[in-house]
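Visitor: Have a look at this one.
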Amino acid sequence: MTKLFGLIGCPVAHSLSPQMHNDAFGNLEIDAKYHAFHVEPENLENAILGCKALQIAGFNVTIPHKVSIMKYLDDIDQLAEQIGAVNTVVNNNGRLIGYNTDGPGYVRALANIVTSQLNSKKILIIGSGGAARGIYFSLAKHGVQSIDICNRTMTTAVELVKQCQFDVQSSALTIHEAETRIPHYDIIINTTSVGMSPKTNAVPISTKNINKNHLVSDIIYNPLETKLLTEARNNGAVVQNGVDMFVCQGALAFETWTSMFPNTDRMKKIVLKKLGGTTC
Ligand code: ATR
């Protein structure tokens, strides 16, 4: 029987996931389909019960349900529990198990373009919201030399650093403090929405001190190249947009469901075609 997978979120109409996963199922000759389901917050519990009743084999979870879904699941993977958000669920014979592949997906995407070992890198994360949390804890779990967090609202950066249960050297900084320390870092990661369409003419941090020794990564993929990345690239830095993270979180979800790792180049081509551009 054809297995059914899906995405629950609100909105989901423009999601890039169905095409990416359906192509991977076809490519790997897995008899399965992936469909996006629009679920309003007040219907979340019923939707989860429906997934169980219909024996949906697994699903992704997106905004605004990544945190609120946790109370309806039967079990939650340890990293997802620490991150405090679930974006992937497996239906294991009627038991729904939650995972987070956003953070690990980001680490995988980053590791793919870092030429030497990630473990030796000094990292600055800009932002301390949900996305930053997943990336911070996943990088800390992977093991890197240090991770500083800077944010417009300093108190949330301080709180995030306090909550990290992994052994990593970390400080919370103001944006201004981080700007003065830019030469100290190897990798700078923007997790804020600053620069995202339609407000594309903004940068989350001054790029004045960014140079060819830096790797600058932005989790935004609309636009494909944010102003931060354009300025960093013009200063000689290596840059990465959010497409790779999106693809890798999807590939890890796919692997969690099927135990098969899909062809990420193929997934990336599909995503880029939908976004209408090339990656950087
Ligand atoms: P997400 O789940 O996508 O991370 P979030 O939890 O709302 O979303 O976090 C958004 C992050 O972007 C926060 O770090 C936020 O900073 P504040 O904590 O100060 O709100 C940051 N952010 C959003 N808009 C910003 C702006 N215009 N300037 C600077 N930082 C901004």
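The values are calculated or read from the model by the stated rules, or taken from the named source; none is laboratory data. Note that the structure is predicted; figures quoted are calculated from it, not measured. A quick note on method: Cβ atoms are made from the backbone with ideal geometry, for glycine too, and the neighbour counts reach across all protein chains shown. For the accessible areas, the whole protein counts, side chains as well, though only heavy atoms, and no ligand, DNA or RNA atoms are used. Shrake-Rupley method; radii C 1.70, N 1.55, O 1.52, S 1.80 Å.
Visitor: In whole Å, what is the distance between the alpha-carbon centres of region 110-169 and region 171-203?
Guide: Taking the Cα centre of region 171-203 as reference, the centre of region 110-169 is 13 Å away.
Visitor: Would you grab the residues whose amide H sits under 5 Å from the one on GLY58? Only those 5+ places off in sequence or on another chain, please, with H modelled 1.01 Å from N.
Guide: GLY6, ASN91
Visitor: Another question about this same structure. Can you give me the relative contact order of the chain as a percent, contacts being Cα pairs under 8 Å and 6 or more apart? Don't skip to the end; give the middle numbers.
Guide: On the way: 558 pairs, mean separation 41.7, N = 280.
Result for the chain is 15 percent.
Visitor: Let me ask another. Dividing the alpha-carbon Rg of the chain by 2.2 N^0.38 Å yields what? Let's see the in-between values first.
Guide: Numbers: Rg = 18.7 Å, N = 280, 2.2 N^0.38 = 18.7 Å.
So the Cα radius of gyration is 1.00 times the expected 2.2 N^0.38 Å.
Visitor: Also, I was wondering about something else. Can you give the angle from 0 to 90° between the axis of helix 102-113 and the longest principal axis of the chain, with both taken from C-alpha atoms, to the nearest 10?
Guide: Between helix and principal axis, roughly 60 degrees.
Visitor: With a cut-off of 8 Å between alpha carbons and a minimum separation of six or more residues, what is the relative contact order of region 174-226 in percent? Don't skip to the end; give the middle numbers.
Guide: Values: 56 pairs, mean separation 23.4, N = 53.
Across region 174-226, relative contact order equals 44 percent.
Visitor: Once phi is turned into θ = phi - 60°, what whole-Hz ³J(HN,Hα) does the Karplus curve with 6.51, -1.76 and 1.60 give for every residue of region 88-96, x standing for Gly and Pro?
Guide: Computed from phi, the couplings for region 88-96 are 9, 10, 10, 9, 9, 6, x, 9, 8 Hz.
Visitor: For region 171-184, in order, what is each residue's ³J(HN,Hα) by Karplus, 6.51 cos²θ - 1.76 cosθ + 1.60 with θ = phi - 60°, in whole Hz (x at glycine and Pro)?
Guide: 9, 9, 10, 6, 4, 5, 4, 5, 4, 6, 9, 3, x, 6
Visitor: Under 16 Å Cα-Cα from LYS273, which aspartates and glutamates qualify once same-chain neighbours fewer than 8 residues away are excluded?
Guide: Straight-line reach from LYS273, under 16 Å: ASP23, GLU225, ASP244, ASP265.
Visitor: Contact order normalised by length for region 157-280, with contacts defined as Cα pairs under 8 Å and 6 or more residues apart; what percent is it?
Guide: On the way: 166 pairs, mean separation 22.6, N = 124.
With pairs under 8 Å counted, the relative contact order is 18 percent.
Visitor: Okay, moving on. Over the chain, average the accessible area per residue using a 1.4 Å probe and give it in Å², no decimals.
Guide: On the way: 13120 Å² over 280 residues.
It amounts to 47 Å² per residue over the chain.
Visitor: Charges only on Cβ, +1 for Lys and Arg, -1 for Asp and Glu: so what's the dipole of the chain about the Cα centre, in debye to the nearest 20?
Guide: Details: 24 positive and 23 negative charges, 112 e Å.
Dipole about the Cα centre, nearest 20: 540 debye.
Visitor: Can you put MET245, MET154 in order of accessible area, largest first, using a 1.4 Å probe?
Guide: Values: MET245 25, MET154 60 Å².
The ordering from most to least exposed comes out as MET154, MET245.
Visitor: Given LYS66/LYS199; LYS66/LYS141; LYS66/LYS162; LYS66/LYS212; LYS199/LYS274; LYS141/LYS227, which pairs have Cα atoms separated by over 32 Å?
Guide: LYS66/LYS212
Visitor: Can you sort ARG181, ARG152 by solvent-accessible area, 1.4 Å probe, largest first?
Guide: Values: ARG181 90, ARG152 215 Å².
Descending order: ARG152, ARG181.
Visitor: Using the Karplus equation 6.51 cos²θ - 1.76 cosθ + 1.60 (θ = phi - 60°), what ³J(HN,Hα) coupling, rounded to whole Hz, does each residue of region 257-265 give in order, writing x for Gly and Pro?
Guide: Taking θ as phi minus 60°, the curve returns 7, 10, 6, 10, 8, x, 7, 6, 5 Hz for region 257-265.
Visitor: A further question follows. Can you give me the solvent accessible area of TYR72 with a 1.4 Å probe, rounded to the nearest 10 Å²?
Guide: 60 Å²
Visitor: Let me ask you something else. Quick check on packing: order 34-46, 54-66 by the mean number of other C-beta atoms within 10 Å, highest mean leading. Mind showing how you got there, number by number?
Guide: Values: 34-46: 15.4, 54-66: 20.1.
Sorting 34-46, 54-66 by mean packing, highest first, produces 54-66, 34-46.
Visitor: Let me ask another. On the accessible surface of the chain, probed at 1.4 Å, how many percent belong to carbon and sulfur atoms? Intermediate values should be presented prior to the final figure.
Guide: Working: 6460 of 13120 Å².
Carbon and sulfur atoms account for 49 percent of the accessible area of the chain.
Visitor: Where nothing but the Cβ of Lys and Arg (+1) and of Asp and Glu (-1) is charged, how large is the charge dipole of region 15-84 around its Cα centre, in debye to the nearest 20? Working shown, then result.
Guide: On the way: 4 positive and 10 negative charges, 25 e Å.
Here region 15-84 has a charge dipole of around 120 debye.
Visitor: Based solely on its DSSP helices, what 222 nm [θ] is calculated for the chain when runs of n ≥ 4 H residues each add -39,500 (n - 2.57) and the sum is averaged over all residues, nearest 500 deg cm²/dmol? Walk me through the intermediate numbers first.
Guide: Numbers: 10 runs with 105 residues, N = 280.
Result for the chain, helices only: -11000 deg cm²/dmol.
Visitor: While we're looking at this one, here's another question. Which angle between 0 and 90 degrees, to the nearest 10, do you get for helix 130-142 versus the longest principal axis of the chain when only C-alpha atoms count?
Guide: Roughly 80 degrees between the two axes.
Visitor: Mind listing the long-range amide H neighbours of ALA36? Cut-off is under 5 Å, sequence gap 5 or more, other chains count too, H placed in the peptide plane at 1.01 Å from N.
Guide: Those qualifying (amide H under 5 Å, at least 5 residues apart or on another chain) are LEU7.
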